[in-house]
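Q: I have a structure here, written as structure tokens, and I will follow up with some questions on it.
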Amino acid sequence: MKSDNKLLAKKYFQDAIRYFHNAKEKLQKAKVDYYKKIYTDTKPVVEACGLGYRAVLKALDGYLILRGIEESKLPESYYGYLDILKKYLVHNGKVKTNLDIVYRHLHIYGYYRDCVTVSIVKEGFESAKFIIEKLSGNKV
């Protein structure tokens, strides 16, 4: 493996962690109605979910670069990631399961559908953290 790949992957992992921390900071700004267990302001939740999903994509890109995928050939869609991960993560169902949770909870429900249910968003962020830590080898 080229040292250039390692350096590039490291940058992607650093970006993933930075995006994840930025997402969590935005989410902390969202007020919660603890009785209803929902966020009362969708804007910071939507922004946080978008950043959280993007953090996972950065971690996936870093992982794929480490496996020899050229930066110009990285997947451009969720389904592209699933296809390429079948080849490189054949024995890791936990990553695939957590990716599905991140995609549904953060990207679809949180970002596109303005989901304000605290438990759904929280589960999405827990799965994002798992993926980033698993692929990068770094604690978030």
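We did not get these values from a lab; they are worked out from the coordinates using the rules stated. Please read all numbers here as calculations on a predicted model, not as lab measurements. With ideal geometry, Cβ positions are generated from the backbone for all residues, glycine too; neighbour counts draw on all protein chains shown.
Q: Determine the gain in length on full extension of the stretch GLN14-THR117; use 0.36 nm per residue of separation and subtract their C-alpha separation, reporting nm with one decimal. Provide the component values of the computation, followed by the final result.
A: Details: separation 103, 0.36 × 103 = 37.08 nm, distance 2.90 nm.
Roughly 34.2 nm would be gained on extension.
Q: What do you get for GluC sites (Glu not before Pro) in region 17-91 restricted to DSSP loop and a cutoff of at most 15 other Cβ within 10 Å of the site's Cβ?
A: GLU70, GLU76
Q: Could you tell me which label, among (1) 28, 15, 12; (2) 52, 16, 13; (3) 26, 19, 14, carries the value of semi-axes √(5λ) of the Cα gyration tensor in Å calculated for this structure?
A: Answer label, from the structure shown: (1).
Q: Placing unit charges on C-beta atoms (Lys and Arg positive, Asp and Glu negative, everything else neutral), compute the dipole magnitude of region 41-107 about its Cα centre in debye, rounded to 20.
A: For region 41-107, the charge dipole is close to 260 debye.
Q: Under a Cβ-only charge scheme (Lys and Arg +1, Asp and Glu -1), can you give me the dipole magnitude of the chain about the Cα centre, in debye to the nearest 20?
A: 320 debye
Q: So how much slack lies between LYS87 and ASN22, counting 0.36 nm per residue of separation and subtracting their Cα-Cα distance, in nm? If you can, show how the numbers build up before the last one.
A: Details: separation 65, 0.36 × 65 = 23.40 nm, distance 3.10 nm.
Net length gain for the segment: 20.3 nm.
Q: Let me ask something additional. With labels modelled as points extended 7 Å from the Cα through the Cβ direction, what inter-label distance (nm, one decimal) is found for LYS43 paired with LYS73?
A: Each label point lies 7 Å from its Cα, and together they span 4.4 nm.
Q: Helix 78-88 versus the longest principal axis of the chain: what is the Cα-based angle in degrees, 0 to 90, to the nearest 10?
A: It is inclined by approximately 40 degrees.
Q: So which chymotrypsin sites (Phe, Trp or Tyr not before Pro) in region 93-133 are both in a DSSP loop and have at most 13 other Cβ atoms within 10 Å of their Cβ?
A: Nothing satisfies the criteria.
Q: Using Cα pairs closer than 8 Å and at least 6 residues apart in sequence, work out the relative contact order for region 36-121, in percent. Don't jump to the answer; show the numbers that get you there.
A: On the way: 56 pairs, mean separation 49.5, N = 86.
The normalised contact order for region 36-121 reaches 58 percent.
Q: Right, another one. Quick check on my link table: of LYS11/LYS94; LYS6/LYS31; LYS29/LYS134; LYS11/LYS36, which ones sit more than 32 Å apart, alpha carbon to alpha carbon?
A: LYS6/LYS31; LYS11/LYS36
Q: Let me have the 222 nm mean residue ellipticity of the chain computed from DSSP H runs of 4+ only, each contributing -39500 (n - 2.57), with the sum over all residues rounded to the nearest 500.
A: After summing the helix terms and dividing by residue count, I get -22000 deg cm²/dmol.
Q: Between VAL32 and LYS96, with labels modelled 7 Å along Cα→Cβ, what's the label distance in nm to one decimal, could you check?
A: 3.3 nm
Q: Oh, and also: So what's the angle, to the nearest 10 degrees on a 0 to 90 scale, between helix 42-66 and the longest Cα principal axis of the chain?
A: Between helix and principal axis, roughly 10 degrees.
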